[in-house]
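Okay, structure first, notes after.
The values are calculated or read from the model by the stated rules, or taken from the named source; none is laboratory data. What you see is a predicted model, and the numbers here were worked out from it, not measured in a lab. Don't worry about glycine lacking a Cβ; one is built from the backbone with ideal geometry, like all the others, and counts go over all protein chains shown. The accessibility values were calculated without ligands, DNA or RNA, using every heavy atom of the protein model including side chains. Shrake-Rupley method; radii C 1.70, N 1.55, O 1.52, S 1.80 Å.
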Amino acid sequence: MNHSLQIPGNILFDGPMATKGYPLNKMCFSFNQAESRAEFLADEEAYYEKFNLSEAQRQVMRDRDVIAMLETGGSIYYLAKFAGILGLNVQDVGGLQTGMTTEEFKAFLVKQGEV
Amino acid sequence: MNHSLQIPGNILFDGPMATKGYPLNKMCFSFNQAESRAEFLADEEAYYEKFNLSEAQRQVMRDRDVIAMLETGGSIYYLAKFAGILGLNVQDVGGLQTGMTTEEFKAFLVKQGEV
Amino acid sequence: MAHILGGIATSHIPAIGVAMDKGLEQAPYWKGFFDAYPPVRQWLYAQQPDIAVIFYNDHGLEFFHDRKPTFAIGAADKYENADEGWGIAEIPPVTGETQLSWHIINELIDNDFDITVCQEMKVDHGLTVPLTLMWPGHQYGHIKVIPIAINCERHPMPKPSRCYDLGKAIGEAIRSFSGDQNVVVFGTGGLSHQLDGQRAGFINKPFDLYCMEKIVDEPEVLTKLSNYDLVEKGGSQGVELNMWLAMRGTLQGASQLTELHRSYHLPISNTGAGLQLLATEEAVTN
Amino acid sequence: MAHILGGIATSHIPAIGVAMDKGLEQAPYWKGFFDAYPPVRQWLYAQQPDIAVIFYNDHGLEFFHDRKPTFAIGAADKYENADEGWGIAEIPPVTGETQLSWHIINELIDNDFDITVCQEMKVDHGLTVPLTLMWPGHQYGHIKVIPIAINCERHPMPKPSRCYDLGKAIGEAIRSFSGDQNVVVFGTGGLSHQLDGQRAGFINKPFDLYCMEKIVDEPEVLTKLSNYDLVEKGGSQGVELNMWLAMRGTLQGASQLTELHRSYHLPISNTGAGLQLLATEEAVTN
Ligand SMILES: [Fe+3]
Ligand SMILES: [Fe+3]
């Protein structure tokens, strides 16, 4: 597999990204536990500190900027658990990343069936 | 690899043994932590219960019968941690399994160099 | 020897489980999707398999990057489900099996597959949603499950050809087992979807239909694809096709295959959802 | 491209670390063992390697049967040591490396090795004792370590031929890396010993000497052995020879090898302890 090729709109989650994203993803992995979700909601900043996120990672989390989370090494599988805390589903997250409203994003999904 | 062959004096630790020994080995794995070792020493029986050992496994542990521990599915790598709690080293454990004193066992080891 | 009755490929999207919990199968959004399942359920009911070998991918419940296996296989009596972080209702534990598991594990290691063996593991929606789809009302307790997790999350991932070869080796192992259990194999996940990036929402219906066509008689064509190809053509989560290929691999040494079902519906959540059933000559035909 | 300077095989018995902590190197029991090490240390000091790839086996510190990998490779910046249950003194963390690690991981997956990747892992005496032996006083912080753990605990275990092939693939990956780091490879553990069963204490000196002879120029002879053969001839822990074979595999694509050291001493604890150094033509010769 040629890892240097880029697919437009796709942020390949590979080894170096997993190294960069480790604290961020470890934090999101903890959200499998309800107590961890509650602890995060009670004090986000303390939770970033607990998992030793980089300053850039803290900022993209504060901004709820999903594309930037991916760029700082976030894996969508763990970020989805964070989205769950915020009450967002995968269509909401799709809209946030593509600049659509959730309804526009859903319509876009349906349209791809009309081939 | 032919798993049906037996080597005399050797209790092959394979899959079915790992299934049988799971609670026993899990208990011994916990001895990596000093608090777990202390908890075991304070109340062995409660600790067997906590890890849901079979009655046979509890008895061989009470008896400090190393060969029988292996036969009930113990893996020597985890049993070694249990031996550590008792202050036994691998020569002591060798003696217990072969019916020698520790000194006899050590002499046996040395003798194998005289080939 | 144990018998492989056939292989079933199905989507495993979490939203499916939520919809079933809420009884939404006949709601407009869901009807087209759920209406495909009864024929496959009826086939399973007629076959009465003893064991289900299920290829799935963990989505960050059991495995984290601290220790991320390429291939993980279960060898436990029971597998617990758990909260995955977004409030899916927990469901009854999945029944396990250890004798065939260890036999498969021995054969895989002997054939140079470097699997991680799990005597205790939590299984996520990737495995439980297909079970719930096949046995509604969580009535899957009677079937013994051997879970096999394939890394579909972090690159590098096992190549499509390697996943297919894993399936082939598992198929041979099952057929060489001394018991006479009846086994059904599941490939779960897919088909095209992409959750992350500016390309989120990408679905490729022509490619999905192509995969469902080729997997019947020409799976080797699909094994020539790289994971990069799968991401490009099927989206970043399109690599879940690897579980379908592993399932298909188990049928390779079997007698002639009969395709008893094929359907495709989009979108379910962000995904092109496929359902396919390939039966071997070992299956009961009536 | 990165360079492999050579391979070192050494015992990794916990008691060695304890003896060094207590300053017992010149005590009668230990002198014959420790006196073998200075020439190897001096070679390392002259070579100044940047990276050490270390094949070892975890003895139940990091891995349990819940998730037991066949092959696990580290990709972390740092590896912590920890209490293993019998009060070995904890030592400073081991320095990691991620760039070459990920390169090796990519190449291994591309060559159908189904490794488990560890971005966080505790390393036990199997890895730390060799480091301490080579850099006494725990002065190993400057060397970047890539740990590779091989299952030597529960059967089925990877075959000797598979371990050798793993080494070959890692050697090729190192030589194809775009950096120009100097790498030394360690095979740790062995040689013959048996801790468990009525046969505890078994050591097979002739077999150990045979292995040390063959591994230099005819490693393929050893890869024809099964793990059953290794248990029979080398005792239940004699399978640790697999780490020596993996080390030897990394040297296979290299230029001509020169054996700079070979020694054997028994018993150390319950074990026949070997030390061997094979240098490539990439090594500094002066
Ligand atoms: Fe999925
Ligand atoms: Fe060892």
Selected from A:Phe82, B:Leu24, D:Leu278, residue furthest toward positive end of dipole (the protein assembly as shown; charges at beta carbon): D:Leu278
For chain D, modelled as a GNM with alpha-carbon contacts under 10 angstrom, which of D:Val18, D:Val129, D:Val184 fluctuates the most? D:Val18
From the residues D:Asn204, D:Ile88, D:Leu241, which one has its Cα farthest along the dipole of chain D in the positive direction, the dipole being from +1 and -1 charges on Cβ of Lys/Arg and Asp/Glu about the Cα centre? D:Asn204
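When the helix-only estimate is applied to chain A (DSSP H runs of n ≥ 4, each -39,500 (n - 2.57), divided by the residue count), what is the mean residue ellipticity at 222 nm, nearest 500 deg cm²/dmol? All intermediate terms of the calculation are to be shown ahead of the outcome.
Values: 9 runs with 74 residues, N = 115.
It comes out at -17500 deg cm²/dmol, rounded to the nearest 500.
What FRET efficiency would be calculated for the residue pair D:Asp180, D:Gln256, taking the C-beta separation as r and a Förster radius of 22 Å, to the nearest 0.05?
Numbers: r = 21 Å, r/R0 = 0.96.
Efficiency, rounded to the nearest 0.05: 0.55.
Roll a 1.4 Å probe over the protein chains and send me the accessible area per residue for chain D in Å². Walk me through the intermediate numbers first.
Details: 8610 Å² over 286 residues.
Per-residue accessible area for chain D comes out at 30 Å².
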Among beta bridges that DSSP assigns inside chain C, antiparallel share in %, nearest 5: 45 percent
With a 1.4 Å probe and all protein chains kept in place, how much accessible area does D:Glu84 have, in Å² rounded to the nearest 10? 0 Å²
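So what's the back-of-envelope 222 nm ellipticity for chain C, counting only DSSP H runs of four-plus at -39500 (n - 2.57) apiece and dividing by all residues, rounded to 500?
On the way: 10 runs with 99 residues, N = 286.
That calculation yields -10000 deg cm²/dmol at 222 nm.
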Quantify, in whole percent, the carbon and sulfur part of the accessible surface of the protein assembly as shown (1.4 Å probe; protein heavy atoms only). 52 percent
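In the structure displayed, which of C:Lys122/D:Lys233; C:Lys159/D:Lys233; A:Lys81/C:Lys22; A:Lys81/C:Lys214 lie more than 30 Å apart, Cα to Cα? Mind dumping the intermediate values first?
Working: C:Lys122/D:Lys233 39 Å; C:Lys159/D:Lys233 38 Å; A:Lys81/C:Lys22 21 Å; A:Lys81/C:Lys214 35 Å.
The answer is C:Lys122/D:Lys233; C:Lys159/D:Lys233; A:Lys81/C:Lys214.
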Which distances, shortest first and in nm, link D:Glu90 to the matching position in the other copies, using label points set 7 Å out along Cα to C-beta? 3.1
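Buried accessible area for the C:B pair, summed, 1.4 Å probe, in Å² rounded to 100? Intermediate results must be reported in sequence, preceding the final value.
Details: alone 11970 and 7350 Å², together 18710 Å².
Using a 1.4 Å probe, the pair buries roughly 600 Å².
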Could you name every residue in region C:77-107 that has 40 Å² or more less accessible surface in the full protein assembly than in its own chain alone (probe 1.4 Å, ligands and nucleic acids excluded)? C:Asp83, C:Gly85, C:Trp86, C:Trp102, C:Asn106
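Which whole number gives the average, over all residues in C:201-208, of C-beta atoms from other chains lying within 10 Å of the residue C-beta? Each step should come with its number before you reach the end.
Working: counts 15, 8, 7, 2, 4, 1, 0, 0.
Per residue, the average neighbour count from other chains is 5.
Find the relative contact order for region A:15-88 and round it to a whole percent, using C-alpha pairs within less than 8 Å whose residues are 6+ positions apart.
Working: 58 pairs, mean separation 36.0, N = 74.
Dividing the mean separation by the residue count of region A:15-88 yields 49 percent.
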With the full set of protein chains present, the residues of region C:148-174 whose 1.4 Å probe accessible area falls by 20 Å² or more relative to the chain alone are C:Glu153, C:Arg154, C:His155, C:Pro156, C:Lys159, C:Arg162
About its Cα centre, region A:22-61 carries a charge dipole, from +1 on Lys and Arg Cβ atoms and -1 on Asp and Glu Cβ atoms, whose size in debye to the nearest 20 is 200 debye
About the Cα centre of region A:15-88, how large is the charge dipole given +1 on each Lys and Arg Cβ and -1 on each Asp and Glu Cβ? Please answer in debye to the nearest 20. 240 debye
Relative contact order of chain C, defined on C-alpha pairs under 8 angstrom at six or more residues apart (%): 31 percent
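Mind giving me the FRET efficiency for D:Asp229 and A:Glu49? R0 is 60 Å, r the Cβ-Cβ distance, nearest 0.05 is fine. Show your work: numbers first, answer last.
On the way: r = 54 Å, r/R0 = 0.90.
Approximately 0.65, to the nearest 0.05.
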Have a look at region D:111-134 and report residues whose accessible surface goes down by 40 Å² or more when the remaining protein chains are included, against the chain on its own, probe 1.4 Å, ligands and DNA/RNA excluded. D:Asp112, D:Asp114, D:Thr116, D:Val117, D:Gln119, D:Glu120
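For B:75-85, what's the mean count of beta carbons from other chains sitting within 10 Å of each residue's beta carbon? Could the numbers behind the result be given before it?
Numbers: counts 7, 10, 14, 6, 3, 8, 7, 2, 3, 5, 3.
For peptide B:75-85, the averaged partner shielding equals 6.
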Magnitude of the Cβ-charge dipole of the protein assembly as shown, K/R +1 and D/E -1, about the Cα centre, nearest 20 debye? 460 debye
Starting from a label point 7 Å past Cα on the Cβ side, list the distances from C:Asp180 to the same position in the other copies, nm, shortest first. 7.0
Sorting D:Ala72, D:Met121, D:Pro156 by the position of each Cα along the dipole of chain D (Lys, Arg +1; Asp, Glu -1; all at Cβ), the one nearest the positive end of that ordering is D:Pro156
Efficiency of FRET from Cβ geometry, B:Arg62 and C:Met1, R₀ 45 Å, rounded to 0.05: 0.55
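Just tell me how shielded C:231-240 is by partners: mean number of partner chain Cβ atoms within 10 Å of each residue's Cβ, no decimals.
2
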Straight-line reach check, A:Lys106, cutoff 19 Å on alpha carbons, 8 or more apart in-chain or any other chain, hits among lysines -> C:Lys31, C:Lys205
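Order C:Tyr140, D:Tyr45, most accessible first, counting only protein heavy atoms with a 1.4 angstrom probe.
Ranked list, largest accessible area first: D:Tyr45, C:Tyr140.
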On a C-alpha basis, how far is the centre of region A:78-98 from the centre of region B:15-94 in Å? Whole number, if you could? 46 Å
Compute the distance from the alpha-carbon center of region D:83-135 to that of region C:247-286, in whole Å. 42 Å
